[in-house]
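**Student:** Here it is, the structure, as structure tokens.
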Amino acid sequence: MTIPDTRQPLTLLTPEDFPDLVRAGGWTWMPHTSVWHAVSPDGYLTLSDGSSFPLDLVAVNGRDFYDDENGTEKFAAQILAETSWSENTIAVLHHQHYGAATLLVPTTEFTYDMFFEAITRFARWLGMNDNHVFSCTAQVNLPTST
């Protein structure tokens with residue numbers, strides 16, 4: 001993926017910024033860590049040719065969301081996330097701190113419903129429909145009772 005060259009900390013992406021194999025479907029999103037109550041689960045797409053592509057999720061209202069010293073990055077990300085979510089889509093950007101393409105989700109932490117909804121909206125954002133195949137898996141680390 002070629003991330004647009006910019007000095008801005010937040011760069012909004014379009015589906016055309018993603019490789020053809022991502023836009024074609026046939027991928028699986030896999031997290032590096034558990035998504036249960038996570039604020040910024042990082043992960044990757046496994047593509048149909050076996051290659052991988054980094055794709056993170058971030059809960060923009062979460063306490064650990066990276067922000068600049070003025071608070072403007074978090075505010076901008078929250079506006080983008082809320083606006084796109086209300087339009088039944090998702091904001092995807094490159095954030096200098098996170099490095100990978102990042103899905104902005106207007107929540108404080110991820111539940112499984114929110115996680116699957118974010119991946120589904122990402123697939124629709126890419127232009128996928130019922131004729132495309134995508135999947136996602138979630139590592140589960142539930143609290144143990146003592």
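**Student:** Check whether at least one residue in segment 22-35 is modelled with pLDDT of 80 or more and in a helix (DSSP H, G or I), and report yes or no.
**Tutor:** yes
**Student:** Can you find, within segment 45-80, the residue that is nearest to the chain's Cα centre (by Cα) among those that are farther than 22 Å from residue 23 by Cβ, at pLDDT 80 or above and part of a helix (DSSP H, G or I)?
**Tutor:** Step by step, filter segment 45-80, then rank; the result is 78.
**Student:** Of the conditions (1) of a type in the set (A, V, I, L, M, F, W, C); (2) touching a Gly at 6+ places or on another chain (Cβ under 7 Å); (3) modelled with pLDDT of 85 or more, residue 101 clears all except one; give me its number.
**Tutor:** Failing condition for residue 101: (2).
**Student:** Oh, and also: Output the residue which, of all residues in segment 111-146 that are among the acidic types (Asp, Glu) and under 16 Å from residue 41 (Cα atoms), is modelled with the highest pLDDT.
**Tutor:** Across segment 111-146, the extreme among qualifying residues is 117.
**Student:** Counting just the residues of segment 85-98 that are at pLDDT 85 or above and over 13 Å from the mean Cα position of the chain (by Cα), which one comes out nearest to residue 28 (Cα to Cα)?
**Tutor:** Filtering segment 85-98 for residues that are at pLDDT 85 or above and over 13 Å from the mean Cα position of the chain (by Cα), the one nearest to residue 28 (Cα to Cα) comes out as 88.
**Student:** Let me ask something else. Within segment 73-101, can you find the residues that are touching a residue at least 60 places away in the same chain (Cβ under 8 Å) and polar (S, T, N, Q)?
**Tutor:** Listed by number, the list holds a single entry, 96.
The values are calculated or read from the model by the stated rules, or taken from the named source; none is laboratory data. Because the structure is a prediction, the values reported are computed rather than measured. Reconstructed Cβ throughout: ideal geometry from the backbone, glycine too, with neighbour counts over all protein chains shown.
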